[in-house]
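Shown next, in structure tokens, is the structure this report addresses.
The values are calculated or read from the model by the stated rules, or taken from the named source; none is laboratory data. The structure displayed is predicted, hence computed values, not measured ones. Backbone-built Cβ (ideal geometry, glycine too); neighbour counts: all protein chains shown. To get the accessible areas, we keep the full protein, side chains included, count just its heavy atoms, and leave off ligands, DNA and RNA. Shrake-Rupley method; radii C 1.70, N 1.55, O 1.52, S 1.80 Å.
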Amino acid sequence: MSDLVSQDINMIFKSPKGEIVHALKDVTFRLKKGELLTVLGPSGCGKTTLLNIAAGFLRPTSGLITLGNKEIDGPGVERGMVFQQGALFEWLTVAENVNFGLRMKKEDPVKTTKKVDEWLDIVGLQGFGNTPTYQLSGGMQQRVALARCLINDPDLILMDEPLGALDALTREKMQSLILKIWKETGKTIILITHSVEEALLLGERVYVMAPRPGRIHKEYKLPFANMGLNEDLREIKNNKEFVDKREEILSMIWDMEEEIMGKEN
Amino acid sequence: MITGIVTFLVIFAVIGSILYGQRLVKTEKSDAVFGNPERAKGGLHWVVVGSSFLLLSWLYYSWDIAKAFYPKSANELCQVAKVNESLLSLKYLFPIEERQHKSTALIKRENINIQKKIILIQNSPDLKDKDKKLFIDLLNKTKKTIPLLTDEKFLENKTKNKIGELTNRITWLTEDFQKINYPPIKSIEEENKRIEALKKQLGWGATGMEVPPLPESKKGLKFHAAAQELNEISDEFFSMRNHNVAYVTLIKEIRNEIKEYQNELNDDQELEMTLIKEIKKLGQRIEYESVFPPNALNEMEKSIREFDVAQKKEQGNLIYVDAFLFPAGTIVASGPTCAEDGPGRWLPKPSDTFRIFGDLLKPSVGFKMIPMIWYEMMGVNRIVGFILPDWIADIMPGKYPVHSSDGTVKPNFKSKVLDIVTGEFNAFKIPVPTGHIWDSFLRVFLGLVLGIIFGVPLGIFMGLNRFAKGFFDPLVELYRPVPPLAWAPLVITVFGIDNLGKVFLLFMVSFSIMIISARAGASGTQLSKIHAAHSLGASRWQILREVIFPNSLPEILTGVRVAVGMCWGTLVAAEFLAGTSGIGFVENVARKYMQYEVIWITIFVMGMLGLLFDVTIRKIIDKTIPWRGKG
Ligand SMILES: Nc1ncnc2c1ncn2[C@@H]1O[C@H](COP(=O)(O)OP(=O)(O)O)[C@@H](O)[C@H]1O
Ligand SMILES: [Mg+2]
């Protein structure tokens, strides 16, 4: 019963200059436990805002958002965050970063050491425990961020363009990893991306958002994420259905972009 | 002796290293196109060249080479300087080092002065015509006294004879001076006295006096004796007045007229009073100046020129020593004493400097009874008494004991606590560092630590909280822009000239720096890190301690590094102002007594300590925040 339910959420920002930005308008959705939702949309359409509201960093101007029937009114351990740049604590080692959440809960260090090792294994960082994080590559840093978030056993994982800064090859590996973790842990995941391909590959459900005001423009239910659990991701990308969907969404986003340009000029 | 050896070693080192370096450069010519990283490293031999060169210039410009190879030269140059000093006033009479005869210059000047005064009086609107006429008349008469002095036919025989006598004495001196046995021994007794005094005379350099004044060598004695004779001649010459009957009559007449006029003046005639005084003074100046007829001193001039030539010849190789080994200066005489002039004055000789440095480092010598850095045994009781505040005893239950009628005092719990907090108990002793360097170091350290303890939390608070920033910013900005030393007089008055005042001053310096750097560090924490910590379940306090503080550490430590430099600079200046110990105090005292060796040593020690602080902190920074710049 720990579904994420959002009812008529509106988010209105007032910039210091006094301009009013309607970042989210009447966003309503329900995400069942264990679902993987990817959110796609041109930049500035309110993706991050939506995620921040789900994480509890922002309170919506109006509307209600609940997780497992409990209103979200602040950050909490049951909702884990993974950021684009990892946001790792560079003064800590890999293991200390992963351990951070458990240490904050003052758990027994002996137990946590074992748990940390397990999670480092899962994300493929065995043996890197004592490495300082600033020595890691971008992909490895995101692995640490994933492990750090997952070790807290959150009900909902929120990822804001987690693979945005990675090169294509690393990106593909990380996509498989995310799918693997999703399958093995059965977590509810919201993943934001600006890559259509990524949204299609990973999303069991895909929301395409439109800007000004930010809203959910279209929703898709897709089989590719489940296929990706067993198949090679590259093969799926060549799948006829996949290509069609990709073209459809791409042209939709192109239209949106054109509309924005038109409005501006 | 040592300096001599060092000089040669240094010269060999410079030449050898340059040759070696040249050879290396030649063999490396081949890869010049692509550049050779090895060569860019510099190499030990170039370091040798650089430091040897530095030492060599120091040896040379501080005259230490002269001292090593010609130890008697300073003493001899002193005697030469005495001759030059005695000769100076006589030489000035003639166009030897000047353009004109002194008489010519004087007459020209006095004529101009009188003329100016005449014009001034003529144009004065406040003077009565009668006074004007009288004044101008007086001035014209004064003017007429000049030809009475410069006309050969008025020159009295007495004066002529005196000039002749002095000229002869100079000529004889010139002749005698060049003889081997000059000066003649006056008496055995006096000679013994001279030798006795010589034995007591200390050497050239910082041990004794700057330059030993009594002549030590045969050559020196010669110049010394000549200088004495010349002094007598010169004194006699300048006490002689070229007056004659005609002149004296006229000047008396002028003086009487002035006196008469002055007697009739009223007190309120200030202008007239001033003018008549000035007119009188003009006459007097001519009266006491050495004005002679144009050719009267020709013979004397010749004799002085001859002596000058002779004394230059007698100096022999001393002239070359002076020119080459006393660069940019020489030794000058002033009466019986001699002093170094030029770099020798403020650039101490390496040999003296190293010896004095060694002395200063000796714990038994030190400076002003305090060693530079050493240790002393201190009872633990004193340390405890210093650290624990006395009021601890006051807040203990009970009352302090009162003496009983049999004249004894029975200690109770409260009085025993008092004994402990005031350090009045027996305890073993431990060594603690002392000395000027330690004092300075401790002040910087305490000021810095206090600044960190108070500044960092406040800075972080200000970086996170808008109210704190708004509230404390004006307070900090009110005192921070003021140069710290400007606060010193106030701080010293309030907290005393001793450690407390200085530590507080340094606290003020480091406090503001630490606030600013901690604030920058805290407010620069990326929001995503705080968000991440938040959703990992960290409380506000945990975020502060585990995220914001370590994240600000690079900025804080950079702040510490800046603060150390600032504190060090401020401290030395503060010690200059007041105090009884510390490296700045040493320099200030040395300045008062013109101990240039000590001044240079303190400069060197301060540089080294400053460098040491900076290197240490840099090491600490590299150790504690290896992620700096890589986040
Ligand atoms: N704190 C804020 N204050 C004012 N405007 C904001 C704020 N945060 C986001 N916005 C505006 O809201 C809109 C959506 O932003 P965001 O959610 O970051 O978009 P996306 O993540 O899709 O690129 C943008 O127009 C942005 O300028
Ligand atoms: Mg975004």
Matching residues in segment B:571-586 - criterion: being at pLDDT below 90 and among the β-branched types (V, I, T): B:V572, B:T580
Top-ranked residue in segment B:601-628 [being farther than 27 Å from B:P554 by Cβ, open to solvent by less than 40 Å² (accessible area, probe 1.4 Å) and of a type in the set (A, V, I, L, M); ranked as farthest from the other protein chains (Cβ to nearest Cβ)]: B:I601
Tally, over segment B:590-600, of residues that are buried (at least 16 other Cβ atoms within 10 Å of the Cβ) and out of contact with any Pro (no Cβ under 9 Å at 6 or more places or on another chain): 1
Conditions (1) out of contact with any Lys or Arg (no Cβ under 6 Å at 6 or more places or on another chain); (2) within 16 Å of ligand 1 (Cβ to nearest atom): number failed by A:G80: (2)
Among residues of segment A:197-215, those that are within 16 Å of ligand 2 (Cβ to nearest atom) and within 17 Å of the chain's Cα centre (by Cα), counted: 5
Cβ pairs under 7 Å, 6+ apart, first in segment A:243-255 and under 13 Å from A:A199 (Cα atoms), second open to solvent by 50 Å² or more (accessible area, probe 1.4 Å): A:R246/A:E197
Extreme residue, nearest to the chain's Cα centre (by Cα), among residues of segment A:119-135 that are more than 14 Å from chain B (Cβ to nearest Cβ) and surrounded by 12 or more Cβ atoms within 10 Å (Cβ to Cβ): A:V123
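Here's the yes/no breakdown for (1) free of Cβ contacts under 8 Å to residues at least 60 places away in the same chain; (2) exposed (fewer than 12 other Cβ atoms within 10 Å of the Cβ); (3) over 20 Å from B:L134 (Cβ atoms); (4) not assigned by TED's automatic domain parsing to the domain that holds B:K141:
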| position | (1), (2), (3), (4) |
| --- | --- |
| B:A246 | no, no, yes, no |
| B:E264 | yes, yes, no, no |
| B:E270 | yes, yes, no, no |
| B:L275 | no, no, no, no |
| B:L282 | no, no, no, no |
| B:Y288 | yes, yes, yes, no |
| B:V291 | no, no, yes, no |
| B:D308 | no, no, yes, no |
| B:K312 | yes, no, yes, no |
Of all residues making up segment A:143-154, the number that are surrounded by fewer than 24 Cβ atoms within 10 Å (Cβ to Cβ) and away from every other protein chain (no Cβ under 12 Å): 0
Tally of residues being away from ligand 1 (no atom under 16 Å from the Cβ), of a type outside the set (D, E, K, R) and under 22 Å from B:A533 (Cβ atoms) across segment A:152-180: 4
B:K199 open to solvent by 50 Å² or more (accessible area, probe 1.4 Å) and within 25 Å of B:K252 (Cα to Cα): no
Candidates A:M159, A:M174, A:M140 - the one that is within 16 Å of ligand 2 (Cβ to nearest atom) and either more than 10 Å from chain B (Cβ to nearest Cβ) or assigned to a helix (DSSP H, G or I) (or both): A:M159
Criterion (more than 30 Å from A:W91 (Cα to Cα) and of a type in the set (G, A, S)) met by exactly one of B:S581, B:S539: B:S581
Meets criteria (open to solvent by less than 10 Å² (accessible area, probe 1.4 Å), farther than 16 Å from A:D8 by Cα and within 16 Å of ligand 1 (Cβ to nearest atom)) for A:V98: no
Qualifying position, being of a type in the set (D, E), over 18 Å from B:D137 (Cβ atoms) and part of a helix (DSSP H, G or I), among B:E272, B:E287, B:E257, B:E278: B:E287
Subset of segment A:41-66 (residues that are away from chain B (no Cβ under 14 Å) and either touching a Pro at 6+ places or on another chain (Cβ under 8 Å) or within 12 Å of ligand 2 (Cβ to nearest atom) (or both)): A:G41, A:P42, A:S43, A:G44, A:C45, A:G46, A:K47, A:L50
The listed residue being touching a residue at least 60 places away in the same chain (Cβ under 8 Å) and more than 48 Å from the chain's Cα centre (by Cα), out of B:L553, B:L544, B:L557: B:L544
A:P75, sole failed condition from (1) within 16 Å of ligand 2 (Cβ to nearest atom); (2) in contact with a His (Cβ under 8 Å, 6 or more places away or on another chain); (3) within 14 Å of another protein chain (Cβ to nearest Cβ): (1)
All positions within segment B:134-161 that are under 30 Å from B:E306 (Cβ atoms) and surrounded by fewer than 16 Cβ atoms within 10 Å (Cβ to Cβ): B:D151, B:E152, B:K153, B:E156, B:N157, B:K158, B:K160, B:N161
Failed criterion for A:L58 (all others in (1) within 12 Å of ligand 1 (Cβ to nearest atom); (2) under 16 Å from the mean Cα position of the chain (by Cα); (3) surrounded by fewer than 21 Cβ atoms within 10 Å (Cβ to Cβ) hold): (2)
Selection status of A:W91, within 14 Å of chain B (Cβ to nearest Cβ) and closer than 20 Å to A:K187 by Cα: no
From the options A:T49, A:T28, residue that is closer than 18 Å to A:L156 by Cα and either near ligand 1 (Cβ under 10 Å from one of its atoms) or out of contact with any strand residue (DSSP E or B) (no Cβ under 6 Å at 6 or more places or on another chain) (or both): A:T49
A:S62, sole failed condition from (1) out of contact with any Ser or Thr (no Cβ under 9 Å at 6 or more places or on another chain); (2) small (G, A, S); (3) within 22 Å of A:K187 (Cα to Cα): (3)
Residue count, segment A:204-223 (criterion: within 16 Å of ligand 1 (Cβ to nearest atom) and either open to solvent by less than 10 Å² (accessible area, probe 1.4 Å) or not aliphatic (A, V, I, L, M) (or both)): 12
Which numbered condition A:F13 misses (of (1) within 24 Å of A:E197 (Cα to Cα); (2) within 10 Å of ligand 1 (Cβ to nearest atom)): (1)
